[in-house]
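Working notes for the structure below.
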Amino acid sequence: MSFIHSIKFRFTIWYLLVLAVLLSALSAGVYFYLSRSLYRGLDDSLILRSTELHDIPAILESIRQGEFQEELGEIVILYFYSGDQLMEVSPRGTNITLSHEFISQAIAGTSLFATIQTEEGEGLRLLAVPINISILGPPPGIQPAALVIGRSTKQIDQALAGLLRTLIIAVPLALALAAGGGIFLARRALKPVDKIAQTAQEIEETDLSQRINVNTKDELGRLAATLNEMIGRLEKAFQRQKQFTSDASHELRTPLAVIEAESTLALQKERPSSDYRQSLEIISQESRQMSSLIDQLLTLARADAGKEQWNFTEVNLGKLITNLGTDIEVLCQEKGLSFQLGQPQDLVVKGDEARLRELFMNLLDNAIRYTPAPGTVSVSLRREGQMAVAAITDTGVGIPAEDIPFIFERFYRVDKSRSRAEGGSGLGLAICRHIAEAHKGKIEVESQVGAGSTFSVWLPLQSP
Ligand code: ADP
């Protein structure tokens, strides 16, 4: 990625733009404030001077003695009309030309300021004040005149020019320093982003063990931690997937090996037909087991891919369990178990009837499978608040406490050989949990080794 397109660059440019506008506004403010206050000071000194010189004899005396404040570049000129002629009295020959209008206005009685340039190119601030002078005549009397006092603006101009020079150097210098600092800070702050990108590039589909090594407590640190958690979850999911595939292959290999061994054995030599029958029965049983395993694998694969078709309708759980009871009773009798069906209430849930039947059938199958005769399998249905709770209880082998957290995992079996011998695949409970969760419900287990187990299915009731 080129620097121009980087966030660092954009950050810095924006920051510099804002800073440039602020510094320029501040500099202009300082310049104009200083210029105003310096000129105000000069104007005040001119007003003060005009009051000192208001007295004509004082002026004439000052003019005569040349007492003007030369160091201030002061000039004093008195204007008055003699007939139509504008007369001018000044201590030294001035080289300034004032507009006729400016002087006439002052003679007419208005005090006014002006700034002009002398012929030498120097600035001069002028104050013209009206004044009355007495003349000896002819005819003698009092006559309006204008006293113009001027002082050089050289010092003010020099001070302002100095300030301007300083600002012209200081502002770009400050901006350059700020740009350097900005790039440095942006680079430092965004370094973790490069690290995150680099780690993300290094992560391979097959190796998710890498983690982003950013341990700051800021937003980027939190982002890195969140991404690490996500990679961790992906790694676990990937591991599970790998485990599942290897377990599935293993599970399929066992019945296939039995089928192969049995058929090879049967074909080795001529045998009595009863031996063939026995072999075919074994092969048929293993094929059934394989076929049911493949069905379950397909169900889980569809669940994982989110491609299941659910047919949600109103399901009367009481009726569903009563109907199942008839089949279960037969299966229990075959195994020498007694079956008890409580008085199921008419509880209605919103669900997929076929999948709920599969859920209960799996749990009842397990209850029968893991209960040796003589024992009892019972089913009850009750209401708990807004939930329907179907409990399947057996007096079977029970599940050790340390195994309970894992029995819903795929291919997890407490006693592998027993489960297989009984036709179990280790996928039944994983499918049950999936169906319960798809109905926004859950399955709870209570069990005691040697005493039996109770699987309770909680399903939300259809709201009225
Ligand atoms: P399986 O096909 O092996 O029965 P499941 O997923 O249905 O697989 O069950 C997982 C394991 O949980 C079983 O192998 C068994 O050890 C244990 N289990 C399930 N139901 C019961 C039960 N009612 N009594 C005792 N153990 C059970």
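For residue 246 and residue 304 in the same chain, what is the full-extension length gain: residue separation times 0.36 nm, less their Cα-Cα distance, in nm?
Value of the extension gain: 19.2 nm.
So in the chain, what percent of DSSP beta bridges are antiparallel if you round to the nearest 5?
Antiparallel bridges make up about 90 percent of those DSSP assigns within the chain.
If each of residue 155 and residue 99 carries a label point 7 Å out from its Cα toward its Cβ, how far apart are those two points in nm?
The two pseudo-label positions are separated by 2.9 nm.
Starting from a Cα-only point model with no solvent, please compute log10 I(q)/I(0) by Debye for the stretch 313-460 at q = 0.12, 0.21 1/Å.
Results for the stretch 313-460 at q = 0.12, 0.21 Å⁻¹ read -0.45, -1.43.
How far, in degrees from 0 to 90, does helix 273-305 lean away from the longest principal axis of the Cα atoms of the chain, to the nearest 10?
On a 0 to 90 degree scale, this one is about 20.
Go through 423, 339, 321 and say which Cα lies farthest out towards the positive end of the charge dipole of the stretch 313-460; charges sit on Cβ, +1 for Lys and Arg, -1 for Asp and Glu.
Positive-end residue among those listed: 423.
Compute the acute angle (0 to 90°) between the alpha-carbon long axis of helix 353-369 and the principal axis of greatest extent of the alpha-carbon atoms of the chain; round to the nearest 10°.
Its long axis makes an angle of about 50 degrees.
Tell me whether the stretch 190-320 comes out rounded, prolate or oblate; compute the Cα gyration tensor, take square roots of the eigenvalues as a ≥ b ≥ c, and use a/c under 1.5 as the rounded threshold.
Taking the square roots of the gyration eigenvalues as a ≥ b ≥ c, the stretch 190-320 is oblate.
Taking a probe of 1.4 Å, how large is the accessible area per residue of the stretch 213-263, in Å²?
70
Can you give me the C-alpha center-to-center distance between the stretch 207-282 and the stretch 341-372, rounded to a whole angstrom?
Rounded to whole Å, the Cα centres lie 29 Å apart.
Among 209, 127, 159, whose Cα projects farthest towards the positive end of the dipole of the chain, with charges put on the beta-carbon of Lys, Arg (+1) and Asp, Glu (-1)?
Positive-end residue among those listed: 209.
So how exposed is residue 275, as accessible area in Å² (1.4 Å probe, rounded to 10)?
Probe radius 1.4 Å; accessible area of residue 275 about 50 Å².
Looking at the square roots a ≥ b ≥ c of the eigenvalues of the Cα gyration tensor of the stretch 411-464, which shape do they give, rounded for a/c under 1.5, prolate if a/b is larger than b/c, or oblate?
Verdict is oblate for the stretch 411-464.
Round to the nearest 0.05 the FRET efficiency obtained for residue 253 and residue 179 when R0 = 56 Å and r is the Cβ-Cβ distance.
0.25
For the chain, just say rounded, prolate or oblate: build the C-alpha gyration tensor, square-root its eigenvalues into a ≥ b ≥ c, call rounded for a/c under 1.5, and beyond that prolate if a/b exceeds b/c, oblate if not. Let's see the in-between values first.
On the way: a/c = 7.10, a/b = 4.06, b/c = 1.75.
Here the chain falls in the prolate category.
If I model a spin label at residue 34 and residue 143 as a point 7 Å from the Cα along the Cα→Cβ vector, what separation in nanometres do I get?
It is 4.7 nm.
Amide H neighbours of residue 143 under 5 Å, at least 5 residues apart or on other chains, H built in the peptide plane: list them.
Amide H neighbours of residue 143: 133, 134, 135.
Calculate one ³J(HN,Hα) per residue across the stretch 396-402 by plugging θ = phi - 60° into the Karplus curve 6.51 cos²θ - 1.76 cosθ + 1.60, and present them in order as whole Hz with x for glycine and proline.
Values, residue by residue: x, 6, x, 10, x, 3, 5 Hz.
Where nothing but the Cβ of Lys and Arg (+1) and of Asp and Glu (-1) is charged, how large is the charge dipole of the chain around its Cα centre, in debye to the nearest 20? Write out the running numbers ahead of the final one.
Numbers: 45 positive and 55 negative charges, 193 e Å.
Charge dipole of the chain: 920 debye, to the nearest 20.
The values are calculated or read from the model by the stated rules, or taken from the named source; none is laboratory data. Note that this is a predicted model, so its numbers are computed, not measured. Ideal geometry is used to build each Cβ from the backbone, glycine not excepted, and the neighbour counts take in all protein chains shown. Note: areas computed on protein heavy atoms with side chains; ligands, DNA, RNA excluded. Shrake-Rupley method; radii C 1.70, N 1.55, O 1.52, S 1.80 Å.
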